[in-house]
Amino acid sequence: MEGNTTFLPVEITVLDYLAPVNPVETAPKLKYEYHEGIYSILPDLDSIYPLATGIVSNFDLSPRLKDDYFAFIFSGLINIPESGAYTFYTASDDGSKLFIDGYEVVDNDGAHGVQEASGSIPLAAGMHRIVVSFFEIGGGEVLEVNYKGPNTEKQAIPDSILFIDLSPVAATGA
């Protein structure tokens, strides 16, 4: 049928629930790195030295130093309350991506007005690494990060389940 196109959300196939990371020591909050530049897609921010770093309670754009041409990487841990399939969402203006334990779950990249994208992943109960990347060109500065799972309706990820890993880095002898 011409003119009728259906797009399905991104789904990740994993053979089993992803095991939690079980850090030795944690503290509430998230880490962030702040960058400035002109981007039309998310750059490899890990290869660019950040202009500023800090700690926030949630995925918060208020530490920005200007309203256009900036990017953030938020990183930490999310405490998943029970094993099951979890759907994560980002609504952003402009681009964003969300990773759980290194898996890209949400791809909402590119220059655009506010739009939402989602993806699902099976997670075992416990702590999992979460990374959200975001960039802003112009217009509104919007980043909303939501999730839903077993016995959890779609909602903003609460501050109470976001943590920083304070575990000492194991010596490698290198």
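One residue stands out among those in segment 54-77 that are under 13 Å from residue 143 (Cα atoms) and among the polar types (S, T, N, Q): the one that is surrounded by the fewest Cβ atoms within 10 Å (Cβ to Cβ), which is 62.
Taking segment 101-117, which residues are in a strand (DSSP E or B) and out of contact with any Leu (no Cβ under 7 Å at 6 or more places or on another chain)? Spell out the reasoning first.
Our first condition is that a residue be in a strand (DSSP E or B); within segment 101-117, this holds for 103-108, 115-117.
Across segment 101-117, the qualifying residues are 103, 104, 107, 108, 115, 116, 117.
Residue pairs whose Cβ atoms lie under 7 Å apart, separated by 6 or more positions or on different chains, with the first residue in segment 99-111 and of a type in the set (Phe, Trp, Tyr) and the second at pLDDT below 95, are 103/12. Restricting attention to segment 44-74, the residues that are more than 15 Å from residue 160 (Cα to Cα) and touching a Lys or Arg at 6+ places or on another chain (Cβ under 8 Å) total 5.
Determine whether residue 69 is touching a strand residue (DSSP E or B) at 6+ places or on another chain (Cβ under 7 Å), within 25 Å of residue 20 (Cβ to Cβ) and of a type in the set (Phe, Trp, Tyr). No. Of all the criteria given as (1) out of contact with any strand residue (DSSP E or B) (no Cβ under 6 Å at 6 or more places or on another chain); (2) buried (at least 16 other Cβ atoms within 10 Å of the Cβ); (3) not basic (Lys, Arg), the one not satisfied by residue 138 is (2). What are the residues in segment 141-163 that are of a type in the set (D, E, K, R) and either over 11 Å from the mean Cα position of the chain (by Cα) or exposed (fewer than 13 other Cβ atoms within 10 Å of the Cβ) (or both), if any? Within segment 141-163, 141, 148, 153, 154, 159 meet the criteria. Return yes when residue 169 is farther than 19 Å from residue 32 by Cβ, β-branched (Val, Ile, Thr) and modelled with pLDDT under 95 and no when it is not. Here the answer is yes, as residue 169 does meet what is asked. The set of residues from segment 138-166 being within 23 Å of residue 35 (Cβ to Cβ) and either among the charged types (D, E, K, R) or at pLDDT below 95 (or both) comprises 138, 139, 140, 141, 144, 165.
The values are calculated or read from the model by the stated rules, or taken from the named source; none is laboratory data. Predicted model, so just to flag it, every value in this text is computed and none were measured. All Cβ positions, glycine included, derive from the backbone under ideal geometry; neighbour counts span all protein chains shown.
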